[in-house]
Amino acid sequence: MDAIRVRFAPSPTGALHIGGVRTALYNYLLARKHNGTFILRIEDTDQNRFVPGAEEYIIESLLWCGLKPDEGPGFGGEYGPYRQSDRKEIYQAQVAELLRTGHAYYAFDTTEELEARREKDPNFKYDASVRMELKNSLSLPSGELQNLLDQGVPYTVRLKVPDNQDVVVEDLIRGQVHFQSQELDDKVLLKADGMPTYHLANIVDDHLMRITHVIRGEEWLPSTGHHVLLYRAFGWEDTMPVFAHLPLILKPDGKGKLSKRDGTRLGIPVFPLSWKGESAEDSFTGFREFGFDPRAVLNFLALLGWNSGTEQELFSLEELTQAFSVEKIGKGGARFDFDKAKWFNHQYIQTSPNDALAREFRPYLETKGLNISDAFLQKYCGLLKDRVHFLPEFWDAGHYLLEPAVAFDPEAVSKKWRPDLVPAMEGVISFIRDQAAFEAGPLHDAVTQWLKDQQIKPGDILTLLRIALTGAMKGPGVFDMMELLGKEASVQRLERALDHFKNSVS
RNA sequence: GGUCCGUUCGUCUAGGGGUUAGGACAUCACUCUUUCACAGUGGAGACACGGGUUCAAUUCCCGUACGGACUACCA
């Protein structure tokens, strides 16, 4: 087989949807698996929908996920330019060819005329059945055509869909899909502004860029018949890429495909990176800012509609590459399950080295104005990572260890504190103060032995020590926390807590 | 409306003519942890429906229902 060349071809009309990231991922995986080429192409042929910053956003998103294009705007490559707005002349030349061979024709119908037509007949389709009633180079007397062109009357170029052809698409995921050409309308190929439509541009570019596989969203399946016809019209059918249409990502609840609205509505990210739009309504929190590890995002996305056929759930990008195959992509839409995404991220946090976690968490700390040493923070992250799903939770789960003062939970205190425990508490604090080895293991052994010797019920005291350190009935092991805090800070906390306990009403 | 696509536990899915229909998330219980988590064990939980084909269908075929996408000079 020839070297595989795939492309991810987003349109810079705003933030890149998470479904787009999945499409990019599958393209990337296929390319990597076969030592092929992963190409980024920017489909910016709609000047009205162009959004400044969107292209940068797309690229930053891909890079954050680790999906670096081999070719694309800013990435080099022999088949550029990779931005469709820079390829205008190419499309126009190709359209001229189609016009010459009779596979396309000029159409002078205005948007208003067509709208009026659709209003009269909701089922109106610009196709062979009505072609001759409309204003185009097929229906116009030959002199009239030249006349209009000379006058500079705006026109579009449409595909002349042939009659009675069975168009077959071999889809890697769905098998054969048939279209009857008479059901297909004469799609606009070149718009009045001289820009190509998606249909024209994607065929021309895929051909010229020697794309071997088109992996794209299911929304393109209905127009794939047109695309095949276009390859035929150009005489490129023998090198036509193989198609694979991906199932959609569905809303977490209810019906329909996942939309950006669902993100705001449910308080979950649906974009890789945060995006600031014109309005608050058009601004979103990204997976990155939510505290996701890109590896978890990729892992989650990969399994949304695809699986290896084994029971493995956790995959590195390299493992995904090895295991991936387009044929194993499912056909049905996949519901976006945020709980699963959360679980994936938890897995990555649990297995991340403490220094990496500390490095990633530090920025959150700085927003709180706290300055904590690397050593402390690394140990801290190690102690807490089992109970954290997202990076920012490192704060919620253990902030009492980072802040000087502990806020005591009155309920916990009243549940565990009894005034007759004063001597035992004073005793254990002074015992702890006398310990030379301030490491969790030895400290644990020494204290529990001491409690035993003093005939004090460990349950009474250990929980109080915990409350003293954390303010509540939660958190890492008591002696782990003491080791982290060090003797001085630990004892100080214990003494302060005891004072607090004594003053509490019990 | 038309065209096209889809349908296995609540969710993501494995499987495939004869299986106790497997796993993961979520959920519940228990164990561990003198806390909370993590982890472990166990429970509950699915082949949309109707017809064929077949000795046998969840699996193949056809319908129906339901869902979705598309139906722009947007991608």
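The values are calculated or read from the model by the stated rules, or taken from the named source; none is laboratory data. Remember, predicted model here, so these are calculated numbers, not experimental data. Because the Cβ atoms are built from the backbone with ideal geometry, glycine has one as well, and the counts that use them run over all protein chains shown. Quick note on the areas: whole protein, heavy atoms, side chains included, nothing else; ligands and nucleic acids left out. Shrake-Rupley method; radii C 1.70, N 1.55, O 1.52, S 1.80 Å.
Report ³J(HN,Hα) in whole Hz for each residue of the stretch A:147-155, in order, from the Karplus equation J = 6.51 cos²θ - 1.76 cosθ + 1.60 where θ = phi - 60°; Gly and Pro get x.
So the J values, rounded to whole Hz, are 4, 4, 4, 5, 6, x, 5, x, 8.
Evaluate the charge dipole of the stretch A:88-217 about its Cα centre and quote only its size in Debye, nearest 20, assuming +1 on the Cβ of each Lys and Arg and -1 on the Cβ of each Asp and Glu.
220
With an 8 Å cut-off on Cα pairs and a minimum separation of 6 or more residues, tell me the relative contact order of the stretch A:25-125 in percent.
23
A:GLU327 to A:ASP282: extension gain in nm, 0.36 nm per residue of separation minus the Cα-Cα distance?
My answer for the length gained is 12.6 nm.
How large is the helix-only mean residue ellipticity at 222 nm for chain A, computed as the sum of -39500 (n - 2.57) over DSSP H runs with n ≥ 4, divided by its residue count, in deg cm²/dmol to the nearest 500?
When only DSSP H runs of four or more count, the value is -13500 deg cm²/dmol.
For A:LYS328, go through the lysines and keep the ones whose alpha-carbon is under 18 Å away, minus same-chain ones fewer than eight residues off.
Those lysines meeting the cut-off are A:LYS33.
If you average the alpha carbon positions of the stretch A:113-148 and of the stretch A:172-218, how far apart do those two centres end up, in angstrom?
What the calculation gives is 23 Å, centre to centre.
Want the number for A:LEU402 to A:ALA437: 0.36 nm per residue separation, take away the alpha-carbon distance, what's left?
Extending this stretch completely gives an extra 10.3 nm.
Under 12 Å from the Cα of A:LYS257, which aspartates and glutamates turn up, not counting those fewer than eight places away in the same chain?
By straight Cα distance, A:LYS257 reaches A:GLU218, A:GLU219.
Taking A:LYS385 as the anchor, which lysines have their alpha carbon closer than 24 Å to its alpha carbon, excluding any fewer than eight residues away along the same chain?
A:LYS385 reaches A:LYS340, A:LYS342, A:LYS368, A:LYS474, A:LYS487.
Given H placed on each backbone N at 1.01 Å, which residues far from A:ASP171 in sequence or on other chains put an amide H within less than 5 Å of it?
A:GLN176, A:VAL177
Can you give me the distance in nm between label points at A:GLU366 and A:MET132, each placed 7 Å from the Cα along the Cα-to-Cβ direction?
Taking the simple label geometry, A:GLU366 and A:MET132 are separated by 7.3 nm.
Which loop GluC sites (Glu not before Pro) in the stretch A:362-466, with loop taken from DSSP, have no more than 14 other Cβ atoms within 10 angstrom of their Cβ?
Here the sparse-neighbourhood loop sites are A:GLU439.
Give me the percent of accessible area attributable to carbon and sulfur for chain A, probe 1.4 angstrom.
49
Antiparallel as a % of all DSSP beta bridges within the stretch A:86-246, to the nearest 5?
The answer is about 70 percent antiparallel.
At a threshold of 8 angstrom on Cα-Cα distance, excluding pairs fewer than six apart, so keeping six or more, what relative contact order does chain A reach in percent?
So the answer I get is 12 percent.
Explain nothing, just the number: dipole magnitude of the stretch A:404-503 about its Cα centre with +1 on each Lys and Arg Cβ and -1 on each Asp and Glu Cβ, in debye rounded to the nearest 20.
280
Can you give me the C-alpha center-to-center distance between the stretch A:331-370 and the stretch A:482-498, rounded to a whole angstrom?
A separation of 30 Å, based on Cα centres.
Per residue of the stretch A:245-252, what does 6.51 cos²θ - 1.76 cosθ + 1.60 with θ = phi - 60° give for ³J(HN,Hα)? Whole Hz please, x for Gly and Pro, Karplus curve as stated.
9, 6, x, 6, 9, 9, 4, x
Full-extension gain between A:ASP109 and A:LYS474, please, as 0.36 nm times their residue separation minus the C-alpha to C-alpha distance.
Gain on stretching A:ASP109 to A:LYS474: 124.2 nm.
Applying 1/(1 + (r/R0)^6) with R0 = 60 Å to the Cβ-Cβ distance of A:GLN455 and A:THR351, what FRET efficiency is obtained, to the nearest 0.05?
Result of the calculation: an efficiency of 0.90.
Using +1 at the Cβ of each Lys and Arg and -1 at the Cβ of each Asp and Glu in chain A, identify which of A:TRP306, A:ILE211, A:SER279 lies farthest towards the dipole's positive end.
About the Cα centre, the residue reaching furthest to the positive side is A:TRP306.
Let me know the charge dipole size of the stretch A:353-393 about its Cα centre in debye, to the nearest 20, where only the beta-carbon of Lys, Arg (+1) and Asp, Glu (-1) is charged.
For this selection, approximately 80 debye.
Write down, largest first, the equivalent ellipsoid semi-axes of chain A in whole Å, where each equals the square root of 5 times an eigenvalue of the alpha-carbon gyration tensor.
66, 22, 19
Using amide H atoms built in the peptide plane, which far-off residues or other-chain residues are under 5 Å from A:ARG5 H to H?
Distant-sequence amide H within range of A:ARG5: A:THR37, A:THR212, A:HIS213.
Would you count, across the stretch A:86-246, every pair of lysines whose alpha carbons are under 20 angstrom apart, provided the pair is eight or more residues apart or spans two chains?
Close lysine pairs found across the stretch A:86-246: 12.
Which whole-Hz couplings ³J(HN,Hα) result when phi for each residue of the stretch A:30-44 is put into the Karplus expression 6.51 cos²θ - 1.76 cosθ + 1.60, θ = phi - 60°, listed in order with x for Gly and Pro?
4, 4, 4, 4, 10, 6, x, 10, 9, 10, 9, 10, 8, 9, 10
List every residue whose amide H lies under 5 Å from the amide H of A:LEU250, counting only residues 5 or more places away in sequence or on a different chain, with H placed 1.01 Å from N in the peptide plane.
A:LEU258, A:ALA334, A:ARG335, A:PHE336
Do you know the relative contact order of the stretch A:363-506, to the nearest whole percent, from alpha carbon pairs under 8 angstrom that are 6+ apart?
For the stretch A:363-506, the relative contact order is 32 percent.
Between A:SER142 and A:ASP337, what FRET efficiency comes out of the Förster formula 1/(1 + (r/R0)^6) with R0 = 45 Å and r the beta carbon distance, rounded to 0.05?
0.15
Using label points projected 7 Å from each Cα along Cα→Cβ, tell me how many nm separate A:ASP163 and A:SER259, to one decimal.
It is 4.2 nm.
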